Amino acid sequence: MTEPIRRIRLGAILLGAIFVLAVCGYRYFGRTWLDAIYMVVITLSSVGYGEHSDLSGGEKLFTASVIVFGITAFAFTFGAFIQMVTQGEFAKALGSRKMNRTIDQLQDHVIICGFGRMGQILSEELQSRRAEFVVVEKDALRMADAQGLGYLALGGDATEEDVLLDAGILRAKTIVTCLPLDAANVFISLTARNLNAKLQIIARGEHRSTQKKLIQAGADRVVLPAAIGAQRIASMITHPSTVELMELVANHNVIDVELDEMTLTSESELIGKSLTEVATRRKHGLLIVAVKLAEGNMIFNPEADFVFSVGNTIIAMGRVADIERFRRELKL
């Protein structure tokens, strides 16, 4: 909360307190509740009340005090309002309120902790895939950059529980903590797991020794950028064509091919059918790369007699349009 907004809130509280005390004061001097409220209103509004010029000495002193304190509180509040408007805080407050309402309506979204290099690339990728996500960043400039790109962004420290709650962690599907400090990522993983036991937690680690700590803290997956980068370079040296293919598949804006996954529910028409019966390659133009079973085992290049069941996750590769049609026709 910014300083002008704090001042406005404090000023409103002071005005309310003065109003209540003033009404009780006039009631003490023998006026009815209605007359007491009337006296306070015309006093604080500086309208005046010539018909009550026969006030007692005590009531005159009390009225003078109400005027002094009331005008002071009003000036304090009005000054804060002017400051907020001149600094553009009013528009920011309205935009923040609208953004918070949007975040409150999200379900099964992704929370990205940190808008550094990794957070920026991840946000760009998720937006291109039309996934809903919220960025949490404590640096004001980076948060402004995220909002300028049209992302939902919250200013705050992701290691604080209240900030994660504001980001909707109780309704989120996944949280990605990609801060440069391993200690912060461990703490966020621990806090997130305590808040939402079903949450998928993906954590960044700078050192291999941190991987075990992140898993113990509650992370489901740990990404080591340095290790992944080295492995990628090694693959480029030994299997350049394979790496080129994977890069093309990963960026389906270059070629119209995508690697996608689909989890089977009881409503899917694939349940109880074999790979031969479905004929994904002939009828749908898709290649079933692997199937992950409900218990977690992965079957690569499944045999033709493999029978699909509830909870299986199909990993398929094909054209984007074919995958969408496959999902639609078989209720995936």
Residue pairs meeting the criteria (Cβ under 9 Å; at least 6 apart or on separate chains; first surrounded by 11 or more Cβ atoms within 10 Å (Cβ to Cβ), in region 101-119; second of a type in the set (D, E) and not in a loop (DSSP other than H, G, I, E, B)): I103/D166; I112/E137; C113/E137; G114/E137; F115/E137; F115/D145; G116/E137; G119/E137
Is region 225-243 home to any residue that is open to solvent by less than 20 Å² (accessible area, probe 1.4 Å), of a type outside the set (G, A, S) and out of contact with any Lys or Arg (no Cβ under 8 Å at 6 or more places or on another chain)? no
Of the residues in region 278-300, those that are under 25 Å from D220 (Cα atoms) and either in contact (Cβ under 8 Å) with a residue 40 or more places away in the chain or among the polar types (S, T, N, Q) (or both) come to N297
In region 288-305, is there at least one residue being open to solvent by 70 Å² or more (accessible area, probe 1.4 Å) and under 23 Å from Q127 (Cα atoms)? no
Any hit, region 215-237, residues being free of Cβ contacts under 8 Å to residues at least 12 places away in the same chain, within 12 Å of S189 (Cα to Cα) and among the aliphatic types (A, V, I, L, M): yes
Complete set of residues in region 147-188 that are among the small types (G, A, S) and closer than 15 Å to G114 by Cβ: A153, G155, G156, A158, A167, A183, A184
Quick one: is E324 at pLDDT below 85, open to solvent by 30 Å² or more (accessible area, probe 1.4 Å), under 30 Å from the mean Cα position of the chain (by Cα) and within 22 Å of E125 (Cβ to Cβ)? no
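The values are calculated or read from the model by the stated rules, or taken from the named source; none is laboratory data. Only a predicted model underlies this, so the values are computations on that prediction, with no experimental measurement involved. Don't worry about glycine lacking a Cβ; one is built from the backbone with ideal geometry, like all the others, and counts go over all protein chains shown. The area values use the complete protein model at the heavy-atom level, side chains included, leaving out ligands, DNA and RNA. Shrake-Rupley method; radii C 1.70, N 1.55, O 1.52, S 1.80 Å.
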